1. How big, on average over all directions, is the shadow cast by the Cα convex hull of the range 38-156, in nm²?
2. What number, rounded to the nearest 500 deg cm²/dmol, is the helix-based mean residue ellipticity at 222 nm of the chain, given -39500 (n - 2.57) per DSSP H run of at least four residues and division by all its residues?
3. Roughly how many Å is it from the Cα centre of the range 50-76 to that of the range 380-394, as a whole number?
4. Taking N as the number of residues in the chain, what value does Rg over Cα atoms divided by 2.2 N^0.38 Å take?
5. When only Cα pairs under 8 Å and 6 or more residues apart are kept, what is the percent relative contact order across the chain?
6. By per-residue mean of other Cβ atoms within 10 Å, what is the highest-first order of 141-152, 118-129, 279-290?
7. Hey, fewest Cβ within 10 Å first, where do D195, D52, D107 land in order?
8. Quick check for me: using +1 on Lys/Arg Cβ and -1 on Asp/Glu Cβ, what's the dipole size of the range 3-212 about its Cα centre, in debye to the nearest 20?
Amino acid sequence: MKRVVVGLSGGVDSSVAAYLLKEQGYEVIGLFMKNWHDDSVTISNECPWLEDSNDALLVAEKLGIPFQTVDLSEQYKEKIVDYMFNEYEQGRTPNPDVLCNREIKFDVFMKIALSLGADYVATGHYCRKGEIEVGGKPVYQLLAGKDGNKDQSYFLCQLSQEQLAKSLFPIGELTKPEVREIATKLDLVTAEKKDSQGLCFIGKVRLPEFLQQQLQPKEGLIYEIEANSSLYNQEQPIFNSLEEKLAFESKGISYTSESGKIVGKHQGAHYFTIGQRKGLNVGGTKEALFIIATDVKTNAIYTGQGANHPGLFKKTLRVQPSEIHWIREDLALKNGETMQVMARIRYRQALQKATLYQFESGLYVSFDEPQSAITEGQFVAWNIDDELVGSGVIS
């Protein structure tokens with residue numbers, strides 16, 4: 001009997017994952033991760049982790065599996081929260097869920113599980129694991145979940161072969177309604193529980209309020225750029241190489257206070273992100289204002305009217321050499337090589353046709369169609385068919 005430690009989060013997905021593993025004959029241990037107890041940063045008066053750990057305990061009792069809680073709040077603060085504040089301060093928008101999987105669930109948590117003699121760690125992610133042989137060695141694949149509406153492979157886009165080797169995703173072949181049905185039949189306390197929203201594992205957090213407790217407000221101006229601005233009709237320079245052209249396309253437009261008109265004030269450019277519409281508190285425009293750029297150095301926010309404003313769209317993005325990550329190391333591109341892929345720049349976005357270009361200066365992802373709100377600090381992930389093969393931080 002192989003031993004599996006399941007990350008029981010107190011939600012329906014991990015509950016059913018634990019049940020399925022038990023049915024398959026594994027020795028299952030439930031482990032709840034407590035990731036936050038810093039009272040100096042109040043998150044909300046509710047205490048979701050207490051409720052969640054209680055639900056996880058009830059599920060473990062019902063399934064007849066041993067259960068314990070591990071406190072990872074120190075590592076979580078250092079690897080996720082501090083990193084997030086630092087990124088926002090520099091005007092980037094991090095993805096805490098992707099980081100949480102790479103740094104906490106499949107690293108710190110996995111090491112604890114293996115120290116308990118586990119052969120595998122399992123989670124309630126909607127994705128699947130495949131195994132093939134390349135050059136006589138086993139290679140693990142990260143495959144999309146069967147439920148196209150819930151596929152969560154994107155959140156695991158930073159995992160390594162070592163991490164995948166020790167991972168199991170028991171509900172990857174099921175749809176969400178099927179998972180709920182199993183939980184209902186078993187009369188699990190989590191059967192009807194809503195999916196958690198908010199920061200990975202912290203629970204009911206409203207991000208702007210969370211950031212304001214660490215990053216000081218700083219009043220600045222909001223500018224509006226007209227859709228017919230001459231900035232969008234400039235002639236392209238003549239490029240000496242494809243790399244030069246891609247570098248130019250990935251940079252986007254530099255806005256200054258002369259580029260548009262002042263339409264309002266804000267409390268700090270570092271609280272805002274590209275593509276954001278809510279929270280600007282500027283009225284009187286025909287269409288909603290969307291953020292097309294932020295500048296934390298000058299503390300300025302640039303906006304444009306409507307979801308089709310030309311300032312929102314770009315065809316190409318760059319990933320710095322140190323930020324390129326291949327799950328399938330055997331497919332990694334060498335300098336000068338290209339690859340046709342399907343890529344996405346955020347969770348739940350439909351996969352888009354794109355070409356990867358690898359140079360010494362980094363990896364360029366060039367989309368067939370311009371993409372809205374390509375945001376620095378977020379992750380781009382690329383697929384071949386239903387396999388996620390690599391990812392990187394948008395720079």
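Just so it is clear, none of the values below were taken in a lab; they were calculated from the coordinates. Everything quoted here is computed from the prediction, not taken from an experiment. Because the Cβ atoms are built from the backbone with ideal geometry, glycine has one as well, and the counts that use them run over all protein chains shown.
1. 11.1 nm²
2. Numbers: 10 runs with 82 residues, N = 395.
Rounded to the nearest 500, it is -5500 deg cm²/dmol.
3. 32 Å
4. Cα-based Rg divided by the globular estimate yields 1.06.
5. 16 percent
6. Packing order, densest peptide first, comes out as 118-129, 141-152, 279-290.
7. By the 10 Å Cβ count, ascending: D195, D107, D52.
8. Dipole of the range 3-212, to the nearest 20 debye: 420 debye.
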